[in-house]
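All remarks here apply to the structure that follows.
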Amino acid sequence: MLSVTREEIIKEVQTSSFLSIQADETTDIATLAQLVLVLRYIDDKNNVQERFFEFIPLQSATAESIASALKERLASILPEDQKSKLICQAYDGASVMRGATAGVQRKVQDVYPNAHYIHCYAHQLNLIMQHATSHISKTRIFFSNIGGFASFFSKSPKRTCFLDKVVAHRLPRSSNVRWNFHSRAINTVFEHREDLIHCFESIQDSGDFDPNTVREAGALAMLLEDDDFKFFLELYHHIMPHVDFLYAKLQKKNIDSVHIKVSIQQFQQEIQKIRNSLHSIGEQSSGSQPTKRRRVLSPEERERIGAEVCDTILGHTRERFSFTDHLVCATLLQGDRFDEYKDTFPDDALSSTIRAYPMLNGSKLKTELSLIYSKQEFSACRGAVDLFQLFMENNLEEVFSETVTLLKVIITTPMTTAEAERRERSLLALAQTEAPAPSDHLDVAVVTRVDLHFTVTQQITQTGLDIDSKMLHPRRSSASQGSLSTSVAIPTPVRGHRSTNPAIHVRFDMSLFHAPVYTNRQTCKYCSRKGNIMRSNVVCRVCKVHLCLNAGRNCFLKYHEAVA
């Protein structure tokens, strides 16, 4: 079923006008390096599609290995005469991917000359916020302190229970990768600051906690009363909603570069407003007298640091989100600038666009754009997708043929690798998903999942990875979170009794999710013989029998493929 799905995707890609790829390297729970490949294109119904295509096993995480794997898959998707269809390749900002001379994007572009590189914009937004917090000592200290609240309560169920009773709200942990977790932590502390102070004071006064807990609670209560902490808490409480809003927009499948450019401009305007109103942040706390034992920042110093934070965000936003090179084509169809373009045509942007995409007819495109700029109804469209749909619904694709081609290029160009990142967690989900109930009419998604599971199992074995070894759980116990361990009820072997066998219809029913699960070591059901006992830590979650699954022996696959 998985092969049928791939064939259908390839057919859609080959009939589409353009193709973009999103790829992200990941290591799964079996420590196997794999490349997530997602294809983006416009189908024959004029809908934007982002299709997961494959987990590609990698020999290594080098640029040569990744580029070779990508080119091999692309050769099976696009015939030789359709190489010009590949217009974009989107990766993260790792040097092995973005290298201009020896990176993956360079090696792919040598074969597919129109495949321009996009550094994931959602990833860049994370980098902007990291830079704005890690390079200023006061803000770095503030975020370390913010993480201390969730850490305090997570260490003890008793503390968590007390938090639920007094505050009735959990504190999310911060993350250096996903900034929405920082936002949630800041908003929770800001909105429940008084409740948290009361909670820490209650812990101190209750007499039910050990001295370490009482001491930590007292320090956190003092921190919540600190004027500097309250200033940065309020500052980031104003900043983070705008970061979240932009981040959410960047994760949408139907987003395009035109819409993103407008969203980024709005984000910059909001951060500038916050910068201009820094004098009003923390006014209530600025009137309190600083303690003699600790130096507190003056209102002027706080305003200076706040301005530095905003300037850092604004500066890096302009630098990282500057629409240069091939992305300058997005400015040609930015609706809020049509009135400006009607008076002064953007010749430089048009020239850059033609250089980046030589399949466009420059003179015809200029004529069409001049007409579009003069019509008010076109400027009302929000983004390239809306404008494209307007042309399609009114059968204007022949009249504005070059503009439609440009719109397809813009829409097909992915601005983030969000879909690829979502697929990274699929392998872990395979090991944790419950088996579907037996059915005569099996859902296509279930069949695809089962086929994908066996494909992964075969790939693991072909690469010579010893799943039955400690590599499956590096530096973790067998019950650690994120492993293949689960609560599968395994019959306890009894000496002198025959072991249980699954029913034949269960053993060979591929609609059930026969997933390998890591558990305690017992005799392999398939290959063990008297005098030659083989043991394995892998058990089938459906059949509930132990089976070898390692570099030298794959009893798991043979057991389920054997003829009854």
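Here is a yes/no grid of residues against (1) touching a His at 6+ places or on another chain (Cβ under 9 Å); (2) of a type in the set (Gly, Ala, Ser):
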site	(1), (2)
Ser16	no, yes
Thr27	no, no
Gln109	yes, no
His119	no, no
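Taking segment 128-144 on its own, how many of its residues are part of a helix (DSSP H, G or I) and open to solvent by less than 50 Å² (accessible area, probe 1.4 Å)?
Qualifying residue count, segment 128-144: 7.
Can you pull out the residues in segment 55-101 that are among the small types (Gly, Ala, Ser), buried (at least 18 other Cβ atoms within 10 Å of the Cβ) and within 19 Å of the chain's Cα centre (by Cα)?
Matches in segment 55-101: Ala90 only.
Go through segment 534-548 and report how many residues are touching a strand residue (DSSP E or B) at 6+ places or on another chain (Cβ under 6 Å) and among the β-branched types (Val, Ile, Thr).
2
Just name the residue that is farthest from Lys252 (Cα to Cα) out of those in segment 372-390 that are in a helix (DSSP H, G or I) and open to solvent by 80 Å² or more (accessible area, probe 1.4 Å).
Gln376
Answer yes or no: is there a residue in segment 7-15 that is open to solvent by less than 50 Å² (accessible area, probe 1.4 Å), touching a helix residue (DSSP H, G or I) at 6+ places or on another chain (Cβ under 7 Å) and part of a loop (DSSP other than H, G, I, E, B).
no
Looking only at residues that are surrounded by 14 or more Cβ atoms within 10 Å (Cβ to Cβ) and modelled with pLDDT of 85 or more in segment 267-295, which one is nearest to Arg382 (Cα to Cα)?
Among those that are surrounded by 14 or more Cβ atoms within 10 Å (Cβ to Cβ) and modelled with pLDDT of 85 or more, it is Phe267.
For every residue, the table says whether it meets (1) charged (D, E, K, R); (2) modelled with pLDDT of 85 or more.
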| residue | (1), (2) |
| --- | --- |
| Arg106 | yes, yes |
| Ala132 | no, no |
| Lys138 | yes, yes |
| Ser144 | no, yes |
| Val167 | no, no |
| Arg170 | yes, no |
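Tell me whether segment 86-97 contains one or more residues that are of a type in the set (Gly, Ala, Ser), within 18 Å of Val13 (Cβ to Cβ), touching a residue at least 24 places away in the same chain (Cβ under 8 Å) and assigned to a helix (DSSP H, G or I).
So far as segment 86-97 goes, no, none of its residues is of a type in the set (Gly, Ala, Ser), within 18 Å of Val13 (Cβ to Cβ), touching a residue at least 24 places away in the same chain (Cβ under 8 Å) and assigned to a helix (DSSP H, G or I).
Which ones in segment 520-564 are of a type in the set (Gly, Ala, Ser) and either open to solvent by 60 Å² or more (accessible area, probe 1.4 Å) or modelled with pLDDT under 90 (or both)?
Within segment 520-564, Ser528, Gly531, Ala551, Gly552, Ala562, Ala564 meet the criteria.
Among the residues of segment 16-26 satisfying the criterion of being at pLDDT below 90 and either charged (D, E, K, R) or part of a loop (DSSP other than H, G, I, E, B) (or both), which is least open to solvent (accessible area, probe 1.4 Å)?
Asp24
The values are calculated or read from the model by the stated rules, or taken from the named source; none is laboratory data. Here the structure is a predicted model, which means the values were calculated and not measured. Here the Cβ is made from the backbone with ideal geometry for all residues, glycine too, and neighbour counts use every protein chain on show. Remember, those area values only see protein heavy atoms, side chains included, never the ligands or the DNA or RNA. Shrake-Rupley method; radii C 1.70, N 1.55, O 1.52, S 1.80 Å.
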